[in-house]
């Protein structure tokens, strides 16, 4: 599934649940609840509902293993992260791309000045990969 075709998770809880299943490779409701539900004081049924929403969005698959339903990722986590970044950047940059890019650079520098160096290296690596050596 390409990142353009994804129905993205609908908030931080859905992302957390999806990433947990991606990390575990295969997970039951109980597995996900133990990993993130208890710490957030979420009901077991809340985790079950989120898993089903993610399955409806075709981000997870589900199958029965004995008496237990288990979920597995239907898409690579990197593809989800790329689609999420595209969506966030599209919202952030809107139609005034150049001023927004300058603001983004300033914000990155204020968070950690080494991020700009990392960004520069990432851009150079991306261009080299795209255009060849």
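The numbers here are math on the coordinates, done by the rules we state, and not lab data. This is a predicted model, so every value here is computed, not measured. Using ideal geometry, Cβ is built from the backbone for each residue, glycine included, and neighbour counts are taken over all protein chains shown.
Quick look at the numbers
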{"quantity": "Degrees between helix 77-93 axis and first principal axis of the chain (Cα, 0 to 90, nearest 10)", "calculated": "50"}
{"quantity": "Neighbour-count order for 33, 126, fewest beta carbons within 10 angstrom listed first", "calculated": "126, 33"}
{"quantity": "Cα centroid separation - segment 73-115 against segment 1-62, whole Å", "calculated": "23"}
{"quantity": "Per-residue [θ]222 nm for the chain (sum of -39500 (n - 2.57) over DSSP H runs n ≥ 4, rounded to 500)", "calculated": "-19000 deg cm²/dmol"}
{"quantity": "Which labelled figure in (1) 0.92; (2) 1.05; (3) 1.08 is Rg/Rh (Cα atoms, Kirkwood Rh), once derived from the coordinates", "calculated": "(3)"}
{"quantity": "Segments 35-48, 69-82 sorted - mean Cβ within 10 Å per residue, highest first", "calculated": "69-82, 35-48"}
{"quantity": "Between 0 and 90°, nearest 10: helix 44-56 axis offset from the chain longest Cα axis", "calculated": "60"}
